[in-house]
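Encoded as structure tokens, the structure appears first; notes follow it.
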Amino acid sequence: MSEESSKVKLPEFINGDGYQLTSLDKVIGLARSKSLWPLPFATSCCGIEFMATMASTYDFARFGSERPSFSPRQADMLMVMGTIAKKMGPVLRQVYEQMAEPRWVIAVGACACSGGVFDTYSVLQGIDKVIPVDVYVPGCPPRPEQIIDGVMKLQELVKNEPMRRRNTPEYKALLASYGITVN
């Protein structure tokens, strides 16, 4: 028996760009994107839409977010929904700072995105004045389908985010621009 005939021929997909070969960044990104734990910060009508999103009709759990956390230390996705008064700004910032890295923020509804119809001295004109926002979900109030679409966009962002992005000087400069200290 010759030496060539005794070797086992490998299937094509092992030698090429098959599904079995990937980078650690992609595996961790996929795992993170499918296991986001939301922290709902709801102050008004958008919170009702979030409740509908969590119910059986829309089944938010199928996106890996079936466990809403009401402790910032156990959540990685902050969902800010509704009108945020300026007095609530420091509270929102404190909740954000208590979350562990990596953390992501979704602004749900016109009020959280831009102050909505409340262009007054007491309403914060967008939560991006106090914390960085990753995804904006517009609407007054947004439908559950829009909230799900926003979460799917965040999942895509999380899946493609490099593991070391949170340690870059650019990210640290972004947080410093909000006055948030990096540990």
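Read the figures in this text as sums done on the coordinates, not as results from a lab. Not measured: the values here are computed from a predicted model. Backbone-built Cβ (ideal geometry, glycine too); neighbour counts: all protein chains shown.
Brief remarks follow.
- Over the C-alpha atoms of the chain, the Rg to Rh ratio, Rh being the Kirkwood estimate, stands at 1.15.
- The stretch between S35 and A173, if pulled fully straight at 0.36 nm per residue, gains 46.9 nm over its current Cα-Cα span.
- Exposure proxy order (Cβ contacts within 10 Å, fewest to most) of C140, C45: C140, C45
- Separation between Cα centres of segment 133-183 and segment 68-128, rounded to whole Å: 12 Å
- Each of D119 and F70 was given a label point 7 Å from its Cα along the Cα-to-Cβ line. The distance between the two points is 3.7 nm.
- Expressed per residue, the C-alpha convex hull volume of segment 38-103 stands at 72 Å³.
- Annotation: amide H of S44 within the under-5 Å range of T83, sequence separation 5 or more or interchain, hydrogens built in the peptide plane.
- Label reach from Q94 (point 7 Å along Cα→C-beta): in segment 162-183, amide nitrogens under 20 Å belong to 178-183.
- From largest to smallest, the equivalent ellipsoid semi-axes obtained for segment 88-156 from the alpha-carbon gyration tensor read 19, 18, 7 Å.
- Going from the residue with the fewest nearby Cβ atoms within 10 Å to the one with the most, R164, R103, R143 rank R164, R143, R103.
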